[in-house]
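A quick write-up on the structure given underneath.
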Amino acid sequence: MSSIPGKLGKVAARYPSIASWAQKTHAAETSLNDVRTQIWKLRGEYWYRKISTYPQVMAAARGESKAFFDKVSNPGAWTYKDLATGMVCGTQVFGCFCVGEVLGRGSVFGYDVGADKYNQGH
């Protein structure tokens, strides 16, 4: 069992990969102002590295898109794995579309059109 008391100890025991983080968090050796400063510095480093590596990301994306279009343009070379991957991706895209429709309508069952004004049988 973990030497960390309370809920943090339970989380650390359940997920050993974060035990060192939980131990450091429980010890509270760093002041919150220092933690905030570190977060801002790391955030700046993260965004700088993300922006500065953009050309490499685009080069990799070009290679991947070329491989994809080569595969799509030659259907005779498709394998069952390719078809299964396409089906899974298509299902995910369709699912996202359906979730967007439900969120846009605000209802699972359709739009609320109100009372029927034309077929009330006067």
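Looking only at region 63-93, which residues are of a type in the set (Phe, Trp, Tyr) and surrounded by 10 or more Cβ atoms within 10 Å (Cβ to Cβ)?
The first filter runs over region 63-93 and keeps only residues of a type in the set (Phe, Trp, Tyr), leaving 68-69, 78, 80.
Matches in region 63-93: Phe68, Phe69, Trp78.
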Open item on the list: When you scan region 23-34, do you find a residue that is on the phi > 0 side of the Ramachandran plot and loosely packed, with under 10 Cβ neighbours inside 10 Å, even just one?
Closed with: yes
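Coordinate-derived values only; no laboratory data. What you are looking at is a predicted structure, and each value in this text was computed from that prediction instead of being measured. Cβ coordinates were reconstructed from backbone atoms using ideal geometry, including for glycine residues, and neighbour counts include every protein chain displayed.
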